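The values are calculated or read from the model by the stated rules, or taken from the named source; none is laboratory data. Quantities reported herein were computed from a predicted structural model and do not represent experimental measurements. When we count neighbours, we look across all protein chains shown, and the Cβ atoms used for this are built from the backbone with ideal geometry, even at glycine.
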Amino acid sequence: MFARFNANPNFAPEQLNATEAGYRVLFGKNVFMDVDGYFNHYHDLFSEDLIDAFSLQSTLPYPTAAPSPVYILLPAQFQNGLFGATYGVEMGPEWQPAKFWRLRGTYSFLRMSIKQAPVPTGEISEGPGSDNGSSPQHQVTLDSSFDMLKRLQLDLIYRYVSSLTAQSVNGYSTGDVRMGYRIGRNFEFSLAGQNLFQPDHVEYIGDPSGPVAVRRTAYASLSWNMRSESGPSRSPKANSDH
């Protein structure tokens, strides 16, 4: 079975109209909450469409050492056959109960609604396929950071990602740990462990390789910063905004 993709001179750029609004609330001196919602409308999304009926072929479009067997040819074309919307909400509270201790959390909710645009008679569109169920609907992170000494810092991170229903991938929970120690004014040595709750977990289904599992890992690093800082630097994961 072969697919032949014919050129499409009328293919248009995919388009997005995005709307987002957010608000930050301060509760006292050491507690605040970020909340924002968004609505994204997409049209002219990329699709793979069959533009004609299947046909039986007996010759290949390149030289072969032996006669080729009969095969099915699928005449296809890249088109702008999908449209739809995504919407959701994100929240990010932060609390500093002590000068040396900071707690942060994030939560995001995502809903996808991708649909098939009308296709001309005789054509078959792939449709939205697994798009609507291939992104997690819920994601949660909890981060506890300790500046234990002037030069020593500890990060504890918990992560939850919900299931991918279209790919039959289960949700998972896992955790990361990182300890960093500043050596002098510009060097930092750190030890970290990632995905520690289980030996491995599946995050998505590869095409065509199948389930893609992420293993538990540990590593050490030595970094040099040209700028002098008063304390240990935070890891990218622990210090990134959601």
The range 12-77: strands (runs of 3 or more DSSP E) wholly inside it with 2 or more residues that are modelled with pLDDT of 90 or more and farther than 30 Å from LEU142 by Cβ are 15-27, 31-50
Single condition GLN96 does not satisfy, out of (1) surrounded by fewer than 17 Cβ atoms within 10 Å (Cβ to Cβ); (2) in contact (Cβ under 8 Å) with a residue 60 or more places away in the chain; (3) more than 30 Å from GLN137 (Cα to Cα):
(3)
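From the residues in the range 132-147 that are part of a strand (DSSP E or B) and touching a residue at least 40 places away in the same chain (Cβ under 8 Å), which one is farthest from VAL161 (Cα to Cα)? Spell out the reasoning first.
Restricting attention to the range 132-147, the residues satisfying the condition of being part of a strand (DSSP E or B) are 138-147.
Narrowing further to those that are touching a residue at least 40 places away in the same chain (Cβ under 8 Å): 141, 143-147.
Working: THR141: 9, ASP143: 15, SER144: 18, SER145: 21, PHE146: 25, ASP147: 28 Å.
Top of the filtered list is ASP147.
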Any idea which residue in the range 148-167 is farthest from ALA117 (Cα to Cα), counting only those that are more than 18 Å from the chain's Cα centre (by Cα) and without any contact (Cβ under 8 Å) to a residue 24 or more places away in the chain?
LEU149
Starting from the range 168-184, keep only residues that are in contact (Cβ under 8 Å) with a residue 40 or more places away in the chain, then list their pairs with residues that are of a type in the set (Phe, Trp, Tyr) and assigned to a strand (DSSP E or B) whose Cβ atoms are within a distance under 9 Å, requiring at least 6 positions of separation or different chains.
VAL169/TYR204; ASP176/TYR158; GLY180/PHE189; TYR181/PHE189; ARG182/PHE189
Considering the range 171-195 alone, what residues qualify as being exposed (fewer than 15 other Cβ atoms within 10 Å of the Cβ), closer than 10 Å to TYR158 by Cα and out of contact with any Leu (no Cβ under 8 Å at 6 or more places or on another chain)?
SER173
All but one of (1) assigned to a loop (DSSP other than H, G, I, E, B); (2) closer than 25 Å to TYR160 by Cβ hold for GLU94, so report the exception by its number.
(1)
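Condition check ((1) modelled with pLDDT of 95 or more; (2) among the aromatic types (Phe, Trp, Tyr)) across all residues:
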{"residue": "ARG159", "(1), (2)": "yes, no"}
{"residue": "GLN167", "(1), (2)": "no, no"}
{"residue": "LEU191", "(1), (2)": "yes, no"}
{"residue": "TRP224", "(1), (2)": "no, yes"}
{"residue": "SER235", "(1), (2)": "no, no"}
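Are any residues in the range 9-33 among the aliphatic types (A, V, I, L, M), free of Cβ contacts under 8 Å to residues at least 60 places away in the same chain and under 30 Å from PHE78 (Cα atoms), and if so, which ones? Walk me through it before giving the result.
Kept after step one, since they are among the aliphatic types (A, V, I, L, M), are these residues of the range 9-33: 12, 16, 18, 21, 25-26, 31, 33.
Filter again for free of Cβ contacts under 8 Å to residues at least 60 places away in the same chain, leaving 16, 18, 21, 25-26.
Once the filter is applied, which keeps residues that are among the aliphatic types (A, V, I, L, M), free of Cβ contacts under 8 Å to residues at least 60 places away in the same chain and under 30 Å from PHE78 (Cα atoms), the range 9-33 yields LEU16, ALA18.
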The conditions are (1) loosely packed, with under 15 Cβ neighbours inside 10 Å; (2) within 24 Å of the chain's Cα centre (by Cα); (3) not hydroxyl-bearing (Ser, Thr, Tyr), and LYS29 fails exactly one of them. Which is it?
(2)
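Go through the residues of the range 50-72 one by one and say whether even a single one is crowded, with 16+ Cβ neighbours inside 10 Å and within 30 Å of ASN132 (Cβ to Cβ).
First, pick out the residues of the range 50-72 that are crowded, with 16+ Cβ neighbours inside 10 Å: 50-51.
When the remaining residues are screened for being within 30 Å of ASN132 (Cβ to Cβ), the result is 50-51.
The answer is yes; a qualifying residue exists.
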